[in-house]
Amino acid sequence: MNLALKVGIVRDVRYLEHKPGIVHPESPNRLRSLYRMLDKDFVDRVITIEPEMATLEQLEQVHTPGYVKQILSTAGRDFTTLAPDTPVSANTYIAAWLAAGGCIKAMDALLTDECRVCFAMVRPPGHHALRDRAGGFCIFNNLGVAAKYAIKRHGIKKVLIVDWDIHHGNALQDLFYSDNNVLYLSSHYMGWYPHTGDWEETGEGEGTGYNVNIPVPKELEDNDILHIYRDILTPVVRRFKPELILVAAGFDAHQRDPLGRTRLSEKAYYWLAQLVLQLADAAKGAPLLFSLEGGYDLWALVNSVREVLNVLTFDGRRGRIPLVSTRVGREVVERARQVHAKYGVWTS
Ligand SMILES: [Zn+2]
């Protein structure tokens, strides 16, 4: 079946107003470059979704009122350091409010069938933003807020979060650690910030087995990541049957990235997007939201996101996922299966 997908893109110039400083890697130029690419290559192929601010109530599903107040208190101040790696500028609070709100707006578009797939091209990113603490360039937990909103407002019962950023999404893990309605799956290199996300962090209480961490080696190549995702994500989707799939879409595992840098090329993201889309189709057409996380080399970021959009906006017959098999792939998949076999959430 060929689905002509309607792809919604969340974008807004106010996201450029978050200025963490000229040497900071999470620069407004990231979105500037992506928006330029969109206008050049995808202008007739996507729908623009204009974000609105998240409400206090929506933010406080994830963050403490004191923390939300703290972010608001940075308004109009030239420079505030929320965490050593997370400085903010006078209008950062607007961008942060809109980043969470953009994901909410995308959620409405998805869950009212206005779009089948959305990509929130927002900043600051979110997967390291804890309930009461900024860090790792993140302020509000954009996808966490979106997931809570989908559950509360739209009655969604099962959410899958796929995090392919090279850093572990510690705050997404934290938020849903004891929740069996939200399955968090992350591939990451543990040598980098925030150094969490070990195999044995599998969830707690009712959420035990619903947190799938996949530490990967730094020598990771395109075929490795494809093998790993094909053999782990496929049974996860088949067994968990998500009604909604969120992707913490970081592009810092790219070989050119100054922070992440494994051996991936932009082609890896083409195949990952293809796999996720195919699995969403198999899960009764579960709506799909990609939200931008990391990715700090502008060339790598633009070309990787372009590959994802090539997949999402293509309405012809989709190519088959290559049946690659690698040594790294086999080792990682075997370890994941060993760790999770006792829970049986996706392994049996
Ligand atoms: Zn990252």
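The values are calculated or read from the model by the stated rules, or taken from the named source; none is laboratory data. Fair warning: this is a prediction, and the values are worked out from it, not measured in the lab. So basically every Cβ, Gly included, is an ideal-geometry build from the backbone, and we count neighbours across all protein chains shown. The protein model used for the area step is the full one, side chains on, heavy atoms only, and it has no ligands, DNA or RNA in it. Shrake-Rupley method; radii C 1.70, N 1.55, O 1.52, S 1.80 Å.
Conditions first: (1) under 24 Å from Pro287 (Cβ atoms); (2) touching a residue at least 60 places away in the same chain (Cβ under 8 Å). Asn211 passes all but one, so which condition is the exception?
Tallying (1) under 24 Å from Pro287 (Cβ atoms); (2) touching a residue at least 60 places away in the same chain (Cβ under 8 Å), Asn211 fails exactly one: (2).
Please state which one of Arg335, Arg318 is away from the ligand (no atom under 16 Å from the Cβ) and at pLDDT below 95.
Details: Arg335 fails: at pLDDT below 95.
Answer to the selection: Arg318.
Could you say which residue among Val328, Val332, Val324 is crowded, with 18+ Cβ neighbours inside 10 Å and either hydrophobic (A, V, I, L, M, F, W, C) or assigned to a helix (DSSP H, G or I) (or both)? Steps first, answer last, please.
Details: Val328 fails: crowded, with 18+ Cβ neighbours inside 10 Å; Val324 fails: crowded, with 18+ Cβ neighbours inside 10 Å.
Testing whether each residue is crowded, with 18+ Cβ neighbours inside 10 Å and either hydrophobic (A, V, I, L, M, F, W, C) or assigned to a helix (DSSP H, G or I) (or both) leaves just Val332.
When only residues in region 156-187 that are more than 11 Å from the ligand (Cβ to nearest atom) and of a type in the set (Asp, Glu) count, which is farthest from Leu111 (Cα to Cα)?
Of everything passing the filter in region 156-187, Asp174 is farthest from Leu111 (Cα to Cα).
Give region 143-180 a look and list any residue that's among the charged types (D, E, K, R) and open to solvent by 10 Å² or more (accessible area, probe 1.4 Å), or say none. Even if it seems obvious, please write down each step before you answer.
Step one: list which residues in region 143-180 are among the charged types (D, E, K, R), which gives 148, 152-153, 157-158, 163, 165, 174, 179.
Residues satisfying the conditions are Lys148, Lys152, Arg153, Lys157, Lys158, Asp174, Asp179.
Please specify each residue of region 61-110 satisfying the condition of being over 24 Å from the mean Cα position of the chain (by Cα) and part of a helix (DSSP H, G or I).
Of everything in region 61-110, those that are over 24 Å from the mean Cα position of the chain (by Cα) and part of a helix (DSSP H, G or I) turn out to be Pro65, Gly66, Lys69, Gln70, Leu72.
Among (1) closer than 17 Å to Gly102 by Cα; (2) out of contact with any Gly (no Cβ under 9 Å at 6 or more places or on another chain), which single condition is Asn141 missing?
(2)
Sort out which residues of region 48-60 are surrounded by 13 or more Cβ atoms within 10 Å (Cβ to Cβ) and in a helix (DSSP H, G or I), and write them in order of number.
Of everything in region 48-60, those that are surrounded by 13 or more Cβ atoms within 10 Å (Cβ to Cβ) and in a helix (DSSP H, G or I) turn out to be Leu56, Gln58, Leu59.
Restricting attention to region 124-142, and to residues there that are away from the ligand (no atom under 13 Å from the Cβ) and surrounded by fewer than 24 Cβ atoms within 10 Å (Cβ to Cβ), which single residue is nearest to Ser265 (Cα to Cα)?
Leu130
Based on what the data block shows, is Thr262 within 16 Å of the ligand (Cβ to nearest atom) and under 20 Å from Ile232 (Cβ atoms)?
Numbers: within 16 Å of the ligand (Cβ to nearest atom): yes; under 20 Å from Ile232 (Cβ atoms): yes.
Yes.
Find the residue count for region 111-123, including only residues that are open to solvent by 10 Å² or more (accessible area, probe 1.4 Å), assigned to a loop (DSSP other than H, G, I, E, B) and either in contact (Cβ under 8 Å) with a residue 60 or more places away in the chain or among the aromatic types (Phe, Trp, Tyr) (or both). Please lay out each step first, then the result.
Of all residues in region 111-123, those open to solvent by 10 Å² or more (accessible area, probe 1.4 Å) come to 111-114, 116.
Keeping just the survivors that are assigned to a loop (DSSP other than H, G, I, E, B) gives 112-114, 116.
Next, only the ones that are either in contact (Cβ under 8 Å) with a residue 60 or more places away in the chain or among the aromatic types (Phe, Trp, Tyr) (or both) stay: 114, 116.
Result for region 111-123: 2.
How many of the residues in region 8-36 are closer than 21 Å to Asn303 by Cα and either at pLDDT below 95 or small (Gly, Ala, Ser) (or both)?
Final tally of qualifying residues: 3.
For region 1-16, give me each residue that is open to solvent by 20 Å² or more (accessible area, probe 1.4 Å) and assigned to a helix (DSSP H, G or I). Break it down into steps so the answer makes sense when it comes.
From region 1-16, those open to solvent by 20 Å² or more (accessible area, probe 1.4 Å) are 1-6, 11-14, 16; that's our starting set.
Listed by number, the residues that qualify are Val13, Arg14, Leu16.
Give the number of residues within region 56-71 that are touching a residue at least 24 places away in the same chain (Cβ under 8 Å) and more than 18 Å from Arg123 (Cβ to Cβ). It would help to see each step written out before you state the result.
At the first step, the residues of region 56-71 found to be touching a residue at least 24 places away in the same chain (Cβ under 8 Å) are 58-59, 61-64, 66-67, 71.
Among the residues that remain, those that are also more than 18 Å from Arg123 (Cβ to Cβ) are: 58, 61, 64, 66-67.
Within region 56-71, residues that are touching a residue at least 24 places away in the same chain (Cβ under 8 Å) and more than 18 Å from Arg123 (Cβ to Cβ) number 5.
Can you tell me which residue within region 17-47, out of those that are over 21 Å from Glu293 (Cβ atoms) and in contact (Cβ under 8 Å) with a residue 40 or more places away in the chain, is surrounded by the fewest Cβ atoms within 10 Å (Cβ to Cβ)? Walk me through it before giving the result.
Let us first name the residues in region 17-47 that are over 21 Å from Glu293 (Cβ atoms), namely 22, 39-41, 43-45, 47.
Remaining after also requiring in contact (Cβ under 8 Å) with a residue 40 or more places away in the chain: 41, 45, 47.
Values: Asp41: 15, Arg45: 17, Ile47: 12.
Filtering first and then ranking leaves Ile47.
Of all residues in region 256-273, count the ones that are in contact with a helix residue (DSSP H, G or I) (Cβ under 7 Å, 6 or more places away or on another chain), crowded, with 22+ Cβ neighbours inside 10 Å and not acidic (Asp, Glu).
5
For Tyr269, only one of the following conditions fails: (1) within 16 Å of the ligand (Cβ to nearest atom); (2) farther than 30 Å from Ile139 by Cβ. What is its number?
Going through the list (1) within 16 Å of the ligand (Cβ to nearest atom); (2) farther than 30 Å from Ile139 by Cβ, Tyr269 breaks only (2).
Find all pairs meeting these conditions: Cβ atoms under 9 angstrom apart; at least six residues apart or on different chains; first residue within region 163-190 and within 20 Å of Ala100 (Cα to Cα); second residue of a type in the set (Lys, Arg) and assigned to a strand (DSSP E or B).
Sorted first by the residue in region 163-190, then by its partner, the pairs are Ala171/Arg133.
Given (1) open to solvent by 10 Å² or more (accessible area, probe 1.4 Å); (2) away from the ligand (no atom under 16 Å from the Cβ), where does Pro242 come up short, assuming only one miss?
(1)
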